[in-house]
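The values are calculated or read from the model by the stated rules, or taken from the named source; none is laboratory data. Note that the structure is a prediction, hence the values are computed from the model and not measured. Glycine gets a Cβ as well: all are built from the backbone with ideal geometry, and neighbour counts include every protein chain shown. Please note that ligands, DNA and RNA were not included when accessible areas were found on the heavy atoms of the full protein model with its side chains. Shrake-Rupley method; radii C 1.70, N 1.55, O 1.52, S 1.80 Å.
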Amino acid sequence: MIKFSNVSKVYKNNHIALSNVSVTINRGDFVFLVGPSGAGKSTFIKLLLREIEPTSGEIIVNNVDVQKLTRKQIPMYRRSFGIVFQDFRLLSDKTVYENIAFAMQIVEASSRDIKKRVNQMLSLVGLSNKANMYPHQLSGGEQQRVALARALANNPKLLICDEPTGNLDPETAWGIMELLNDINLSGTTILMATHAKDVVDKMKKRVIAIEKGVIVRDQQRGVYGYED
Amino acid sequence: MSEISKEVFTVMKIKTFKYFFKESISNIIKNRVMSFASITTVAAALFVLGIFMLLVANVNKMVTSVEDKVEIKAFLNDDVTTLKQNEIESEIKKIPAVKSIVFESKEDALEKFKNQLGENKDLANGLDLKNPLPASFIIKVDKVENVADTSNKIAKMEGIYKVKDGRDILDKVIRVINFIKASSLALIVILGAVGIFLISNTIRLTVYARKKEIGIMKYIGATDWFIRWPFLFEGMFLGLFGAIISILLLKFGYSYVVKVVATDVVIFSLIPAEYIINTLAWQFSIVGIVIGGLGSLISLRRFLVL
């Protein structure tokens with residue numbers, strides 16, 4: 001599903017963010033991306049999103065060579081996965097329902113499909129009764145559920161989560177993780193960058209640890225491994 | 001990959017257009033102060049443009065009617081005999097540029113004068129006994145350019161005491177029109193630039209206000225044009241609203257002027273007010289939309305980094 005081959009990224013200020021990284025993530029995997037701040041996790045995700053391009057190496061996602069994408073193809077490429085951020089990034093002037101529907105409007109889905117799918121997503125994340133509320137009326141955990149519903153609305157094969165539990169208390173975070181686990185079990189590949197030791201240790205999923213731009217550990221059923 | 005490139009060029013759906021429409025209108029309402037300023041500027045620019053266009057159109061109309069009437073009037077000395085008169089007539093006919101020649105006797109001239117006086121023709125009653133008006137030849141030439149040459153030739157003939165042609169007035173009118181055209185063009189360029197500038201500023205505010213949303217749209221996989229269109233629509237609407245306001249102002253203003261001129265000034269008639277609706281309305285709408293679209297594009301190029 002995702003294949004990094006000898007990928008390096010050197011920023012303009014000569015900071016080496018990733019150095020010769022090779023890794024393969026298979027369809028259906030649940031992968032934690034861990035490491036200290038500035039280790040290269042964000043660079044890894046930005047490369048995947050094609051926000052930045054690698055200095056050298058090759059990135060293949062869903063059989064697509066990411067560097068060969070033209071400007072016009074990038075939006076279509078991004079539609080092939082869902083993204084969840086630490087700060088939720090919901091649209092504050094749109095209701096829960098509209099936020100989820102928005103993702104489908106962008107891909108020009110039909111009104112009937114949008115209605116059906118949004119309701120389906122709302123019940124998946126357990127927010128059917130809050131469809132008409134605005135983001136500021138929701139708790140952090142609920143907002144992240146909306147973001148998750150939005151990310152999944154277009155039925156992506158891959159879900160990328162950048163610190164999805166970073167702003168949540170442990171109990172709420174666990175709720176999100178259970179949801180992610182369910183989503184993974186239904187076949188969606190999940191790549192999650194995180195600092196949450198508890199979560200990683202409890203889930204016992206594959207763990208890829210990055211330090212100073214290099215993969216230092218790649219472990220099936222791994223643990224967080226840092227004391228922070 | 002072929003599937004992706006195919007999808008990029010999928011035709012935009014009506015629903016998406018509705019979405020753009022709604023977004024742009026809601027942006028205009030949210031930015032109402034700047035929107036109002038933009039609309040007002042466009043309206044003012046087009047209003048001034050409209051006044052000049054109406055002015056030019058009316059003057060042009062007058063010129064055409066004058067040009068049609070360009071004729072040389074050669075007045076005869078009172079002592080010219082009928083024989084001499086016939087001689088002069090055939091001599092004038094020999095000039096190649098002459099298209100037609102008509103003789104106007106002293107009596108004809110008086111009759112004409114009386115008709116011009118209309119209701120006040122009693123004023124001319126005393127003139128019947130001692131008619132002061134001279135007999136004349138009215139000569140039409142093929143081209144306006146030949147008027148000068150022809151009238152010079154006629155003036156040299158014996159028995160002619162004076163030649164009149166409309167050249168001086170025509171030259172003056174044409175000079176005035178050219179001045180109006182040049183100054184209106186300058187004014188339109190300036191006002192148009194101000195309109196574009198204000199609209200691009202309005203769009204910039206919207207772009208800033210929606211920065212977060214634009215970022216999210218990019219991550220979800222919105223195409224560049226999906227993000228751009230609502231802003232473009234917004235600018236085009238601002239321009240169009242300005243155009244509509246200017247057309248309404250021109251219509252009511254000009255209808256009033258036409259009414260006043262029709263009752264108080266009889267000498268010339270103005271182009272009817274329907275001209276605005278039939279011709280100016282759609283021209284101005286297009287100009288407004290173009291100004292708005294240009295303003296948007298300038299702003300999008302500078303402030304919307306995709």
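Structure notes:
- Whenever a residue of the range B:270-286 is more than 21 Å from B:Val260 (Cα to Cα), its partners that are among the charged types (D, E, K, R) and surrounded by 13 or more Cβ atoms within 10 Å (Cβ to Cβ), lying with C-beta atoms within less than 9 angstrom and at least six residues away or across chains, give the pairs B:Leu280/B:Lys251; B:Ala281/B:Lys251.
- Only strands (runs of 3 or more DSSP E) whose full extent lies in the range A:188-228 are considered here, and the ones with at least 3 residues that are open to solvent by 10 Å² or more (accessible area, probe 1.4 Å) are A:214-219.
- Contacts under 8 angstrom Cβ, first residue in the range A:126-139 being under 15 Å from A:Leu91 (Cα atoms) and touching a residue at least 12 places away in the same chain (Cβ under 8 Å), partner surrounded by fewer than 16 Cβ atoms within 10 Å (Cβ to Cβ) and of a type in the set (Ser, Thr, Tyr), 6 or more apart: A:Tyr134/A:Ser92; A:Pro135/A:Ser92; A:His136/A:Ser92
- Against the numbered list (1) farther than 30 Å from A:Gln86 by Cβ; (2) in a helix (DSSP H, G or I), B:Ser269 comes up short only at (2).
- Where A:Gln144 falls short, out of the listed (1) within 19 Å of A:Phe88 (Cα to Cα); (2) part of a loop (DSSP other than H, G, I, E, B); (3) modelled with pLDDT of 90 or more: (2)
- Some residue of the range A:5-22 being exposed (fewer than 15 other Cβ atoms within 10 Å of the Cβ) and touching a Phe, Trp or Tyr at 6+ places or on another chain (Cβ under 8 Å): yes
- Members of the range A:80-128 that are in contact with a strand residue (DSSP E or B) (Cβ under 9 Å, 6 or more places away or on another chain) and hydroxyl-bearing (Ser, Thr, Tyr): A:Ser80
- Going through (1) on the phi > 0 side of the Ramachandran plot; (2) outside any helix (DSSP H, G or I) one by one, B:Tyr161 falls short only on (1).
- Whichever residue in the range B:250-274 is open to solvent by less than 60 Å² (accessible area, probe 1.4 Å) and touching a helix residue (DSSP H, G or I) at 6+ places or on another chain (Cβ under 7 Å) and, among such residues, is nearest to B:Ile216 (Cα to Cα): B:Leu250
- Check on A:Gln120, more than 19 Å from the chain's Cα centre (by Cα) and at the interface with chain B (Cβ under 9 Å from one of its Cβ atoms): no
- Number of residues in the range B:175-209 that are within 14 Å of chain A (Cβ to nearest Cβ) and either touching a Cys at 6+ places or on another chain (Cβ under 8 Å) or surrounded by fewer than 15 Cβ atoms within 10 Å (Cβ to Cβ) (or both) equals 1.
- If you go through the range A:30-57 and keep only what is in contact with a helix residue (DSSP H, G or I) (Cβ under 7 Å, 6 or more places away or on another chain) and closer than 26 Å to A:Asn184 by Cβ, you end up with A:Phe30, A:Phe32, A:Leu33, A:Val34, A:Gly35, A:Leu49, A:Arg50.
- Candidates B:Lys172, B:Lys212, filtered to the one that is part of a helix (DSSP H, G or I), open to solvent by 20 Å² or more (accessible area, probe 1.4 Å), of a type outside the set (S, T, N, Q) and within 14 Å of chain A (Cβ to nearest Cβ): B:Lys212
- Residue in the range A:146-167 that is at the interface with chain B (Cβ under 9 Å from one of its Cβ atoms), in contact (Cβ under 8 Å) with a residue 24 or more places away in the chain, more than 30 Å from A:Asp201 (Cα to Cα) and of a type outside the set (Asp, Glu) present: yes
- Across the range A:161-169, not a single residue is classified as assigned to a loop (DSSP other than H, G, I, E, B) and outside the structural domain of A:Glu51 (by the TED database).
- Only a single item in (1) open to solvent by less than 70 Å² (accessible area, probe 1.4 Å); (2) touching a residue at least 24 places away in the same chain (Cβ under 8 Å); (3) more than 14 Å from chain A (Cβ to nearest Cβ) is not met by B:Phe226, and it is number (3).
- Among helices (runs of 4 or more DSSP H) entirely within the range A:2-117, having at least 3 residues that are out of contact with any Cys (no Cβ under 6 Å at 6 or more places or on another chain) and more than 11 Å from chain B (Cβ to nearest Cβ) singles out A:41-49, A:96-106.
- Looking only at residues of the range B:121-149 that are at pLDDT below 85 and of a type in the set (Val, Ile, Thr), we find that the one that is nearest to B:Glu104 (Cα to Cα) is B:Val141.
- Boolean, B:Lys112 is within 26 Å of B:Arg167 (Cα to Cα), open to solvent by 70 Å² or more (accessible area, probe 1.4 Å) and either in contact (Cβ under 8 Å) with a residue 24 or more places away in the chain or β-branched (Val, Ile, Thr) (or both): no
- Residue check for B:Ser285: open to solvent by less than 60 Å² (accessible area, probe 1.4 Å), at negative phi and at pLDDT 90 or above: yes
- Just one of (1) surrounded by fewer than 21 Cβ atoms within 10 Å (Cβ to Cβ); (2) more than 21 Å from A:Leu49 (Cα to Cα); (3) not hydroxyl-bearing (Ser, Thr, Tyr) fails for B:Ala243. It is (1).
- Number of the condition not met by B:Leu248 [criteria: (1) outside any helix (DSSP H, G or I); (2) free of Cβ contacts under 8 Å to residues at least 24 places away in the same chain]: (1)
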